[in-house]
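Enquirer: Below are the structure tokens for one structure; questions will follow.
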Amino acid sequence: MARKLMVVLAVAGLVGGVAGVPAQADAPRPPDPPRPPGVDGAGSGERPDARAAALAPSGAVGELRFTSTTRLAPGVLFRTFETTGVGGPVLGDLLDVDLRGPGVRMGLLHPPNVAARRTVSAMADAQRALAGVNGDFFNISETRPGVVPTGSSSGPEVADGLPLKGAVPDGQRFGPALPKGTSAEDVIGIGADRRGHLGRLHLTGTVVAHTARPVSARPARTASGRTARPVSARTVGSGGGVRVALRGLNQYALPVGSAGAFTDAWGSVSRRRAVCGTDTVRNGPCSTNTAEVTVQRGVVTKVTDEVGEGAIPPDTTVLVGRDKGADELRALRPGDRVRIGYRFTSPRKFRFAIGGFPILRDGAPLDGLDPKGPAPRTAAGVSRDGRHMYLVVADGRSQRSAGLTVAELASLLDKAGVDDGVNLDGGGSSTFVTRSGGKSVVRNSPSDGRERAVANGIGVFLNHPAPEIPVP
């Protein structure tokens, strides 16, 4: 399924001088010396940094100064900025997108599959985005033998108004600790009203199977692998059938005791990771009570206890269950006709959405934001009226730019005019690109010394590509 890109970086009222006219830019920033590529857990707060740990906590940045402004397209402004944080000077980039701009739209930057990674520039080039940044935290590493990292994002994804994947349990996500009251289900995106919003997307769904035979589940298995008293799925109708609740969609971790669906959007990576860990412990052991059901064109074709791998055909859905969810799926038999349905429950219909945890609401930082560990950061935000979206990248881990704490990032967004904002994946993932000379060019200085392949991103698109405007 094709996924459109949407990028949210706008700061209302911040454009200095005449709108649409490039400001006099400082000399281009020379790149920082390359750093050895490192794995920091797909989160700007997950890699130990002795220097950062020694700094005092900080919740506010210094004066925010814009050093250049370039109009990339009607309603799309690219700006560079400088400020200071607890670690020293900070350099960054900001994209201000007027969502009322003619032909401007926001969308999801994505690899060919959910369980895959690509650099931001590669995704932007493949989808011909005008600009973009990296997105959500993702499953970058694994400690369990035989379980491969999926590269899949932690939070929900919505593309073209359709759910593409759900959120993993809070305890299974990567990245800094969540502030109180936030969740892995939190998103930022564009609503059906063409305005930017923050929201929360909870996946609900069911698998309903109708059969003429009496319904009884096969014996369930205990954690030790022994058979236990059979557990029947909920019976529906008088003619026989089962109903199984769905708690997952194309996600690398399912809640304990649940079942989830995998579609052709997932890719060929093993689905084994989905039954590992618990709702509170990411590195917990994998479940020994699992089941996998293959449904092709609405008919069950295979039921097995093993969770598999390999590409899923477009007309096929693979159901995976763990613990109680596995017991329920075993009530299905080859030949059963199955109806699978799922949706996000939310007061607002999103045309595009990507996972990110809130750090700013109504212009005020949330309580409990991490004041320690300045690092590279990526954020997205919206103006009070939802007409502007902002994408922000602050460089870090270098002498020229120290990075920000999560609390400082909220302060930066506030000074930039953001009303509601989220923290996205940072560290070596933080990347900001714009289109130049027919290809995407990295504008910031990634802390690994090169772009990192990431799970997704936010992109800005033009319905009718305009002549490219050189970026200083």
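The values are calculated or read from the model by the stated rules, or taken from the named source; none is laboratory data. Note that the structure is predicted; figures quoted are calculated from it, not measured. Glycine gets a Cβ as well: all are built from the backbone with ideal geometry, and neighbour counts include every protein chain shown. With ligands, DNA and RNA removed, areas are computed over all heavy atoms of the protein, side chains included. Shrake-Rupley method; radii C 1.70, N 1.55, O 1.52, S 1.80 Å.
Enquirer: In sequence order, what are the phi-derived ³J(HN,Hα) couplings for segment 403-414 according to the Karplus relation 6.51 cos²θ - 1.76 cosθ + 1.60 with θ = phi - 60°, rounded to whole Hz, with x for glycine and proline?
Expert: Calculated HN-Hα couplings, in order: x, 10, 7, 4, 5, 5, 4, 4, 4, 4, 4, 4 Hz.
Enquirer: Residue by residue, what Karplus-based ³J(HN,Hα) values in Hz, rounded to whole numbers, does segment 278-284 have, using 6.51, -1.76 and 1.60 with θ = phi - 60° and x for Gly and Pro?
Expert: For segment 278-284, the Karplus curve yields 10, 5, 10, 10, 5, 9, x Hz.
Enquirer: Related question: How about segment 139-196: which trypsin sites (Lys or Arg not before Pro) there are in a DSSP loop, with at most 14 other Cβ atoms within 10 Å of their Cβ? Write out the running numbers ahead of the final one.
Expert: Details: sites: 165, 173, 180, 194, 195; in loops: 173, 180, 194, 195.
Those that pass, being in a loop and sparsely packed, are 180, 194.
Enquirer: At a Cα cut-off below 16 Å, give the lysines reachable from residue 165, other chains included and same-chain residues fewer than 8 away excluded.
Expert: Once the sequence-local lysines are set aside, what remains near residue 165 is 4, 349.
Enquirer: Using the alpha-carbon centroid of each, what span in Å lies between segment 390-420 and segment 313-379?
Expert: Measuring centre to centre over Cα atoms gives 27 Å.
Enquirer: Got a sec to turn the phi values of segment 359-370 into Karplus ³J(HN,Hα) couplings, 6.51 cos²θ - 1.76 cosθ + 1.60 with θ = phi - 60°, whole Hz, x for Gly and Pro?
Expert: 10, 9, 9, 6, x, 10, x, 6, 5, x, 5, 5
Enquirer: Show which lysines lie in cross-link reach of residue 302 when reach means a straight Cα distance below 21 angstrom and same-chain residues fewer than eight apart are skipped.
Expert: Straight-line reach from residue 302, under 21 Å: 324.
Enquirer: Would you mind classifying segment 315-397 by shape? Square roots of the alpha carbon gyration tensor eigenvalues, ordered a ≥ b ≥ c; an a/c under 1.5 is rounded, otherwise it is prolate if a/b is larger than b/c and oblate if not. Present the calculation step by step, with values, prior to reporting the outcome.
Expert: Values: a/c = 3.07, a/b = 2.16, b/c = 1.42.
Verdict is prolate for segment 315-397.
Enquirer: Compute the relative contact order of segment 368-454 as a whole-number percentage, counting only Cα pairs closer than 8 Å that sit 6 or more residues apart in sequence.
Expert: 32
Enquirer: Just check segment 128-198 against the gyration tensor rule for me: Cα atoms, a ≥ b ≥ c as the square roots of the eigenvalues, rounded for a/c under 1.5, and otherwise prolate or oblate depending on whether a/b exceeds b/c. Intermediate values should be presented prior to the final figure.
Expert: On the way: a/c = 2.14, a/b = 1.54, b/c = 1.39.
Prolate is the answer for segment 128-198, as a/c is 1.5 or above and a/b outweighs b/c.
Enquirer: Rounded if a/c is under 1.5, else prolate if a/b is larger than b/c, else oblate: which is segment 303-343, with a ≥ b ≥ c the root eigenvalues of its Cα gyration tensor? Provide the component values of the computation, followed by the final result.
Expert: On the way: a/c = 1.43, a/b = 1.17, b/c = 1.22.
In terms of gyration-tensor shape, rounded.
Enquirer: If you don't mind, there's one more thing I want to ask. Just reorder 424, 366 by solvent-accessible area, largest first, 1.4 Å probe, all chains present. List each step's numbers first, then the result.
Expert: Working: 424 0, 366 30 Å².
These residues rank, largest area first, as 366, 424.
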